[in-house]
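Written below as C-alpha cells is the structure these notes are about.
The values are calculated or read from the model by the stated rules, or taken from the named source; none is laboratory data. All values reported here derive from a predicted model rather than from experimental measurement. So basically every Cβ, Gly included, is an ideal-geometry build from the backbone, and we count neighbours across all protein chains shown. Just the protein is used for accessible areas: all its heavy atoms, side chains included, with ligands, DNA and RNA removed. Shrake-Rupley method; radii C 1.70, N 1.55, O 1.52, S 1.80 Å.
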Amino acid sequence: MSNGPVSLTVRGGCAHVVVDNPPVNALSRDVRAGIETAMRAALADRSADCIVIRAAGRTFVAGGDIGEFDGPLLPPDMNDVVALVETSDKPVVAALHGTVLGGGLELALGCHARVAASETRLGLPEVTLGLIPGAGGTRRLPRAIGLRKALDMIVEGAPIRAGEARTLGLVDEIVDGDLPAAAETLARSLVGTDLAPRRLGSAARATAGEDVDAILAAARARVAQSWPWSTARRAAIESVAQGVDNELDAALARERALFEQCRAGGESKALIHMFFAERDAVRVPAWAAAANAMPIARVGVVGGGTMGRGIAIVFAAAGIPTLLHDSNPAARAAARVGIDAHFKSQAERGRLAPEAAQAAAAAATIVDSLDAFAPVDLVVEAAFEQMAVKLEVFRQLDRVTRPDAVLATNTSTLDVEAIARATGRPDNVLGMHFFSPAPVMRLLEIVRTPLTGASALRSVVDLSRRIGKTGIVVGNAFGFVANRMIFEYQRQGEFLVEEGASPEQVDRVLVEFGMPMGPFAMADMAGLDVAWFLRKEIPQMRPAGRRYSALADHICERGWFGQKTGRGWFRYEAGGRKPLPHPEVDALVDAERRRLGLSPRTVADEEIRERCLFALVNEAARLLDEGLAARPGDIDVIYAQGFGFPRWRGGPLHWADAIGVAHVHRRVEAYHDAGDPWLQPAPLLARMAAEGVKFSELERKAWIRR
Ligand code: COA
C-alpha cells in the first residue's frame with residue numbers, strides 16, 4: 001500500500017511503514033497523515049505481528065516541516081500519531097539512520113524500541129529555531145535517558161552520536177549491516193512480551209535517584225548565563241519540569257501550549273527566517289545555474305601574510321592541494337611555520353586526528369616562484385591592499401596560469417572590475433572576500449563584476465560549499481556588502497563619542513542589544529592600523545565635504561593599534577583580550593571635542609542603538625536598490641555570520657521589519673534633519689515606509705533587481 005509519501009508493506013509477519021519525503025523526510029501534513037493511515041492498516045492487518053518504522057533516502061525523519069510552522073498546524077496532530085504508535089499492541093521498532101531530529105526523534109521515542117545505523121545522529125534541536133519539542137519530546141526523552149542528560153540535549157539543541165545514544169539507552173542496538181532486517185528481528189523478538197515498560201510516555205519517571213530540583217535549577221542557571229535572550233530554552237525547561245510528575249495527557253497539553261507560545265513569538269520567527277535565509281543565500285544565482293562548474297582540484301594563493309596563510313589553511317583543510325607564494329622569502333618561511341602551527345594546534349586540541357592534521361599541512365606547499373602556479377585551477381590573491389600591487393600580481397598570474405583558470409582577489413576595498421581588466425580573461429576574474437581569521441569565519445563574499453562569467457561564478461559558489469564557507473554572491477562596489485554597512489555603523493559610533501558618549505557606553509549598549517562586542521572593541525580586535533591605512537589610501541573612506549571623525553587617526557598616530565599593541569580605543573593587559581578603560585583616550589577625546597567646538601552632552605542609550613543600527617538598515621536599503629545584494633536575507637546572513645548580529649533577532653533587515661520599517665525611516669529622517677548628512681534616508685527605505693512594504697516583501701513585489 002502506498003499513501004503519498006508513506007508506504008506500507010508486510011513481509012513475513014512484519015509490517016514496514018516507510019516514509020519517503022525527500023530531501024530530509026520532514027513531517028509535513030501528508031507525512032503525518034500517511035504514517036497514521038499506514039499504522040492503522042498495519043494494526044488491522046492480521047498477517048502482521050509487529051511493525052518497523054523507517055525512512056527511505058539519506059535520513060530518517062529530520063524533524064517537523066519548518067515551512068509549515070508559520071500557518072495553523074493542520075491535522076493530524078503529531079501527538080496523536082505518536083500515541084497511535086506508542087499504544088500499539090504490536091511491537092513497533094524504529095530503524096534510524098542519518099539525522100534523527102526534532103519530530104523524527106519524538107516519533108522514534110513513541111516506538112517500543114530503536115535500532116540505529118552507526119553514523120546516525122539524534123537530537124532535539126528545536127531551541128535553535130526558537131521552539132521547543134512539541135510532540136512529547138520534553139516528556140519522553142527524560143524517561144528514556146534521565147533528566148540531566150535529556151535537559152542537556154534539549155537546552156543545547158545539539159545532536160548526539162549513535163554510540164552515545166546506545167550508552168544512554170536511547171537506542172537498543174547499533175547496526176552496521178542491513179538496518180531494516182535488524183529492526184525486523186528486534187520487532188519479532190518483542191512479540192508477546194510486555195510492552196508497558198517500553199511505553200515511555202506513561203512509563204514511571206526515570207528520574208529516580210536524580211535530584212530533580214537541583215538539576216532543573218542548574219539548567220535554568222545555565223540558560224541565564226549562556227542564552228539570556230532565549231525564551232525557548234526557558235520554556236523547554238519549564239516543559240521538562242512539569243513533565244516529570246504530571247499525567248501524560250496534561251504533560252503533553254502543557255508542552256503544546258508552551259510550543260505554541262514560542263511559535264507565536266519573535267525569536268522563532270527570526271531563527272526560522274535565518275534557517276531559510278542561510279540556505280537561500282548560497283544558491284547559485286539563476287543566471288549562472290546552467291553553466292558548467294570547472295573542477296577545482298588545485299589552488300594557488302598569493303601572499304603569505306595573515307590572510308594568505310589563513311586562506312591556504314582553509315583549502316588545505318578541505319584536502320585541496322594548495323600552493324602558496326609570497327615574493328618575500330621571509331614571509332614564505334613565516335607562512336610555512338604558521339600553517340604547520342595551525343594544524344599542530346588543531347591536533348593538540350582534539351579538533352583533528354593527528355594523521356588528518358598532518359595530511360592537511362602536507363596539502364599546502366610553499367613555492368618560490370609564481371611559475372609554479374601553471375597547473376592550478378584557481379588562484380586567490382591576498383597581496384598588499386594597493387591597486388598598483390594587485391594589478392601587477394594579476395598581470396603576472398594571467399601570464400603564468402592556464403587561460404581557463406579562475407583568478408580571484410581577496411581585496412576588501414578595491415575595484416574588482418579594474419583588476420579583471422588588467423587580465424586577458426576578465427570573465428574568469430572575481431572577488432573572494434574572506435573574513436579574518438579565515439579558518440574560523442564561515443562568511444565568504446563572492447564578488448561578481450559585470451564581466452564575470454557564469455562558469456567562473458558557478459565554480460566558486462560550488463567550491464565555497466566544499467571548503468565549508470557560506471559563499472554569498474555580492475556586487476562590485478566599494479566595501480561590497482559587509483564592509484560598506486559596517487563603515488556606517490562604526491562611523492556613527494565615532495560621531496556619538498565626539499558628541500558626548502564614551503566608547504564604553506557605545507559598546508555596552510550594542511552588547512546589550514546582542515552583538516558579541518561593540519564597534520570599538522571590534523575595531524581594536526581587527527587592528528586600527530588596517531583601517532587607518534585605508535583612510536589615507538582610499539578616497540571613498542573620506543568623502544570631501546562630509547563630516548569626518550579623526551578620533552581613530554589620532555589614536556593611531558600614537559602607535560596604538562588595538563589589541564595587538566595593548567592599547568587602542570581600550571587598554572589591554574599583556575596578551576589579554578578584555579577591553580579595559582583607557583584614560584588617555586578619554587583625554588584625547590576631550591581635546592578633539594574642544595578642537596571641534598563640541599560641548600559634550602549626555603547621549604541616551606536609545607540614541608546609540610538607533611543611530612548605529614538604523615545606519616546599517618539604511619545602508620542595506622541602498623545596497624538592495626543598487627542590486628549589490630540579491631535579497632534582504634543575504635544581508636541578514638552576512639551580518640549574522642560576519643559580525644555576530646544576533647541570529648535570534650533575525651539579522652538587521654528581519655529586525656527592521658519586526659520593529660517597523662516606517663519607524664526606522666522616521667528616526668533616520670529625524671537624525672538627518674538634526675544635521676547628520678550621513679543619515680539621509682535611502683530612497684528605497686523612504687518608498688517602503690510610504691507604502692508600508694517590508695524587506696521580506698521586496699522580492700515578491702519585484703522592487704529589487706538581482
Ligand atoms: N523542514 C523543512 N525543510 C527542511 C527541514 C525541515 N525540518 N530540514 C531541512 N529542510 C530542507 C532545507 O531547507 C533544504 O532545502 P533546499 O534544498 O531547498 O535548500 C533541504 O531540506 C536540505 O537541507 P540542508 O540543511 O541543506 O541539508 P544538510 O544535509 O546540510 O542538513 C539537516 C540536513 C536535516 C541536518 C538540516 O537540514 C537540519 O538541521 N534541518 C533542521 C532540523 C530541525 O531543526 N528539525 C527540527 C524541526 S522543529
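All conditions in (1) closer than 23 Å to Ala217 by Cβ; (2) within 16 Å of the ligand (Cβ to nearest atom) hold for Gly146, with the sole exception of (2). The combined condition, being within 19 Å of Glu86 (Cβ to Cβ) and more than 16 Å from the ligand (Cβ to nearest atom), is fulfilled by Thr37. Residues in the range 55-92 that are among the hydrophobic types (A, V, I, L, M, F, W, C), more than 14 Å from the ligand (Cβ to nearest atom) and touching a Ser or Thr at 6+ places or on another chain (Cβ under 9 Å): Ala56 alone.
If the condition is being touching a residue at least 24 places away in the same chain (Cβ under 8 Å), more than 10 Å from the ligand (Cβ to nearest atom), more than 14 Å from Ala640 (Cα to Cα) and assigned to a helix (DSSP H, G or I), then the range 264-281 contributes Gly266, Glu267, Lys269.
Total residues in the range 103-134 satisfying the condition of being more than 16 Å from the ligand (Cβ to nearest atom), part of a strand (DSSP E or B) and crowded, with 24+ Cβ neighbours inside 10 Å: the figure is 2.
Please verify whether Val100 is in contact (Cβ under 8 Å) with a residue 24 or more places away in the chain, under 28 Å from the mean Cα position of the chain (by Cα), within 16 Å of the ligand (Cβ to nearest atom) and assigned to a strand (DSSP E or B), treating the condition exactly as stated. Answer is yes for this residue. Residues in the range 388-403 that are free of Cβ contacts under 8 Å to residues at least 40 places away in the same chain and either of a type outside the set (Asp, Glu) or outside any helix (DSSP H, G or I) (or both): Ala388, Val389, Lys390, Leu391, Phe394, Arg395, Gln396, Arg399, Val400, Arg402, Pro403. Within the range 491-516, the set of residues being open to solvent by 10 Å² or more (accessible area, probe 1.4 Å) and under 14 Å from Leu588 (Cα atoms) comprises Glu494, Glu499, Gly500, Ser502. What are the residues in the range 427-471 that are over 20 Å from Lys390 (Cα atoms) and among the hydroxyl-bearing types (Ser, Thr, Tyr), if any? Correct list: Ser455, Ser459, Ser464, Thr470. Report yes if some residue within the range 635-647 is farther than 15 Å from Val481 by Cβ and in a loop (DSSP other than H, G, I, E, B); otherwise report no. For the range 635-647, residues farther than 15 Å from Val481 by Cβ and in a loop (DSSP other than H, G, I, E, B): present. Those helices (runs of 4 or more DSSP H) of the range 498-539 in which at least 2 residues are under 30 Å from Glu267 (Cα atoms), assigned by TED's automatic domain parsing to the domain that holds Ala615 and over 26 Å from the mean Cα position of the chain (by Cα), considering only elements entirely within it, cover 503-513. Inside the range 681-706, residues that are part of a loop (DSSP other than H, G, I, E, B), open to solvent by 80 Å² or more (accessible area, probe 1.4 Å) and touching a residue at least 24 places away in the same chain (Cβ under 8 Å) make up a count of 4.
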